[in-house]
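Please treat every number below as a calculation from the coordinates, not as lab data. Owing to the predicted nature of the structure, the values given are computational and were not obtained by experimental measurement. Using ideal geometry, Cβ is built from the backbone for each residue, glycine included, and neighbour counts are taken over all protein chains shown.
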Amino acid sequence: MRTFNFYAPTALDEALELLRKTDGGRPIAGGTDLVVQMKEAATKFPHPSSIISLLLIPELNGIEFDESTGLRIGATSTMSDIADSADIREHYPSIAEGAGIVGSIQTMNMATVGGNLCNGAPSADTAPPFLVHDAEFVITGPNGRRSLPADEFFVGPGETALAPNELLVEVRVPAPADRSGSAYVRHTPRKQMDIAVVGVAAAVTLTNDDRIENIRIALGAVAPTPVRATKTETFLSGQPASDESFAEAAETAAAECNPISDVRGSAEFRRHLVGTLTKRMLERAANRARGG
Ligand SMILES: Cc1cc2nc3c(=O)[nH]c(=O)nc-3n(C[C@H](O)[C@H](O)[C@H](O)COP(=O)(O)OP(=O)(O)OC[C@H]3O[C@@H](n4cnc5c(N)ncnc54)[C@H](O)[C@@H]3O)c2cc1C
């Protein structure tokens with residue numbers, strides 16, 4: 001690895017100023033993506049001359065939940081913080097499930113949610129759960145603060161809507177409605193230390209007579225970015241939360257996605273997985289919505 005300057009600011013303004021001054025300096029959180037990329041000969045960006053750590057900035061830390069305003073997750077919260085949070089496990093189980101399978105325990109203790117999202121991988125395990133929970137990403141930069149819905153954040157493989165020198169500050173997730181549930185699963189050949197061949201998250205809100213009042217489905221690793229399965233969502237809206245509807249939804253999801261073939265799986269295999277896992281996640285999310 002080539003040499004670089006390392007900065008560890010303790011305030012957000014200081015970090016933004018360093019990003020501006022170092023011209024091409026890169027933020028680093030856990031380093032589990034960035035350091036690997038820096039070590040690889042063929043990096044997707046010029047080798048940074050400066051690295052700016054975000055880990056000592058209090059504003060980027062912490063997880064808070066409030067029954068009426070919802071959830072706030074600071075960008076430097078680790079996967080372990082998220083997977084172990086009692087509030088997230090209870091109210092947003094798909095987010096805890098996504099965070100709880102990132103790499104190994106050692107990886108989860110280093111890897112942050114900000115890094116997972118800002119790295120922009122189509123297979124990022126926290127992306128589908130945030131998409132189904134209608135998360136908002138709070139961003140700050142040279143032109144001030146802004147907020148983006150999760151489904152506008154991912155732009156392409158390794159690309160996000162972050163402008164140069166912008167930082168992700170936190171993720172905000174609305175409070176879940178009554179009779180809501182969510183779930184996330186991915187398929188990998190190995191149980192751990194592998195990357196999703198397909199990831200599927202679902203979040204449902206049920207009416208008292210067990211119809212689908214609100215539905216979100218998101219897919220990872222089947223497109224250049226994590227994506228919502230909007231045709232399947234439209235089909236399911238108002239339907240009974242039954243085996244038949246979920247089976248038909250699984251077919252719709254498999255038909256609406258357009259995966260590629262690569263070393264980790266053929267397009268056909270991925271489409272099959274989307275169908276199977278979508279049905280499974282709908283059943284699990286609906287069961288949780290019923291209090292199961
Ligand atoms: C062994 C191993 C196993 C892994 N397994 C998985 C897995 O199962 N699932 C999965 O999804 N990922 C996996 N990963 C990838 C990686 O661990 C995650 O993407 C992780 O969450 C990245 O977080 P980080 O804090 O380490 O990011 P970093 O490497 O510090 O940063 C990643 C990128 O995001 C930028 N960045 C970081 N924070 C911010 C911010 N707040 N604002 C703006 N830009 C920011 C950095 O500049 C960099 O471009 C694995 C990695 C390793 C090494």
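Data for the structure
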item: Kirkwood hydrodynamic radius over Cα pairs of the stretch 18-100, then Stokes diffusion coefficient at 25 °C and 0.890 mPa s, in µm²/s; result: 166
item: Sorted largest first, extent of the chain alpha carbons per principal axis (Å); result: 58, 44, 33
item: Under the Debye formula (equal points on every Cα, no solvent term), log10 I(q)/I(0) of the stretch 58-173 at q = 0.11, 0.15 Å⁻¹; result: -0.31, -0.59
item: Cα-based radius of gyration of the stretch 5-53 once divided by 2.2 N^0.38 Å, which approximates compact folds; result: 1.13
item: Volume of the Cα convex hull of the stretch 67-123, divided per residue and given in Å³; result: 82
item: Relative packing of peptides 94-103, 258-267 - highest average C-beta neighbours within 10 Å first; result: 94-103, 258-267
item: Two-decimal Rg to Rh for the stretch 191-264 - Kirkwood Rh, Cα set; result: 1.04
item: Inter-label distance for T10 and H47, nm, one decimal - labels placed 7 Å from Cα along Cα-to-Cβ; result: 3.2
item: Rel. contact order, % - alpha carbon contacts under 8 angstrom, at least six apart, the chain; result: 15
